[in-house]
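Let me begin by presenting the structure, written as structure tokens, before commenting on it.
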Amino acid sequence: MRIPAWTEDELVLAGALVVSNGWRELRTGEPEVQELSDLLRSLPLHAPEARSVPSFRSPDSVSRKTTDFMTNHPSYTGKATRCGRPTLLMIQAFTERETEMCLAAETLRDAIGSGELYRIPPQPEEADETGASAVEGRLLVRRALARERDPKLRARKIGQVRGQGLPLRCEVCTFDFAQAYGDLGDGYIEVHHTTPLHVSGVRETKLDDLACLCANCHRMCHRIRPGESWRTPDALRELMRKPAGEALH
């Protein structure tokens with residue numbers, strides 16, 4: 001069976017290991033490599049039959065991936081190994097936002113260690129049509145989406161907004177379902193998890209972590225492009241202010 005390509009989650013964990021080693025590769029026999037191999041083989045990302053293949057995320061393959069990170073780093077002066085675009089995008093993310101990406105790896109490890117991520121079923125929109133996810137990984141997206149879809153949490157957020165005497169409308173574009181659709185739209189809004197995936201930790205979601213959005217703005221906050229994070233409502237609002245030509249870049 002063909003071994004699946006590395007996902008963003010797996011690359012986040014491998015990248016953080018390389019960073020902790022001073023951007024140097026780790027050899028197959030090193031205990032950190034064996035530990036990461038065991039962890040990757042346990043993640044609920046690939047079919048059981050793929051994970052059962054002996055060479056799947058073996059210590060050898062993990063070591064080779066750390067070599068990809070080292071030799072494709074901008075400061076490396078030797079010959080770079082060949083690797084795919086997802087790995088190159090992850091190297092760029094760690095190079096430009098090392099602290100944030102290491103926090104993403106720590107958050108991912110915490111959520112794996114708690115067992116939470118093994119209990120959450122796959123969620124619609126956790127990946128795009130190509131299988132790519134946010135740069136912090138599919139599993140953190142999965143957890144955030146599952147929390148957004150908790151009907152009790154949504155009801156509490158709507159209650160908070162109304163209790164403050166605020167209109168129930170999109171926080172990005174100000175669309176108001178009740179104004180547009182009358183009684184049919186009264187009380188309807190979607191909620192979005194605004195806390196960055198890399199700092200949300202395993203704590204319980206607070207109401208202030210959620211924003212009220214219309215369906216269009218919600219989808220645009222979630223829309224995934226390789227090497228990027230989810231957009232916050234503030235970032236999306238700023239994007240909408242730009243001229244059409246600038247917004248494409």
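The values are calculated or read from the model by the stated rules, or taken from the named source; none is laboratory data. Keep in mind the model is a prediction, meaning the values are calculated, not measured. Positions of Cβ are backbone-derived with ideal geometry, glycine not excepted, and every protein chain shown enters the neighbour counts. For accessibility, only protein heavy atoms count, side chains too; no ligands or nucleic acids. Shrake-Rupley method; radii C 1.70, N 1.55, O 1.52, S 1.80 Å.
Quick notes on this one:
- Test: residue in the stretch 137-150 that is loosely packed, with under 13 Cβ neighbours inside 10 Å and over 17 Å from L213 (Cβ atoms): no
- Check on T28, open to solvent by 80 Å² or more (accessible area, probe 1.4 Å), at pLDDT 95 or above and assigned to a loop (DSSP other than H, G, I, E, B): no
- Filtered residues of the stretch 46-58 (kept if open to solvent by 30 Å² or more (accessible area, probe 1.4 Å) and either in contact with a Lys or Arg (Cβ under 7 Å, 6 or more places away or on another chain) or part of a helix (DSSP H, G or I) (or both)): P48, E49, R51
- Checked against the criterion of being part of a loop (DSSP other than H, G, I, E, B), at pLDDT 95 or above and over 21 Å from P196 (Cβ atoms), the stretch 7-22 contains one or more residues that satisfy it.
- Residues (charged (D, E, K, R) and either open to solvent by 50 Å² or more (accessible area, probe 1.4 Å) or within 17 Å of A144 (Cα to Cα) (or both)) located in the stretch 68-123: K79, R82, R85, E96, R97, E98, E100, E106, R109, D110, E116, R119
- So R154, is it over 14 Å from the mean Cα position of the chain (by Cα), open to solvent by 20 Å² or more (accessible area, probe 1.4 Å), at pLDDT below 90 and farther than 23 Å from R241 by Cα: no
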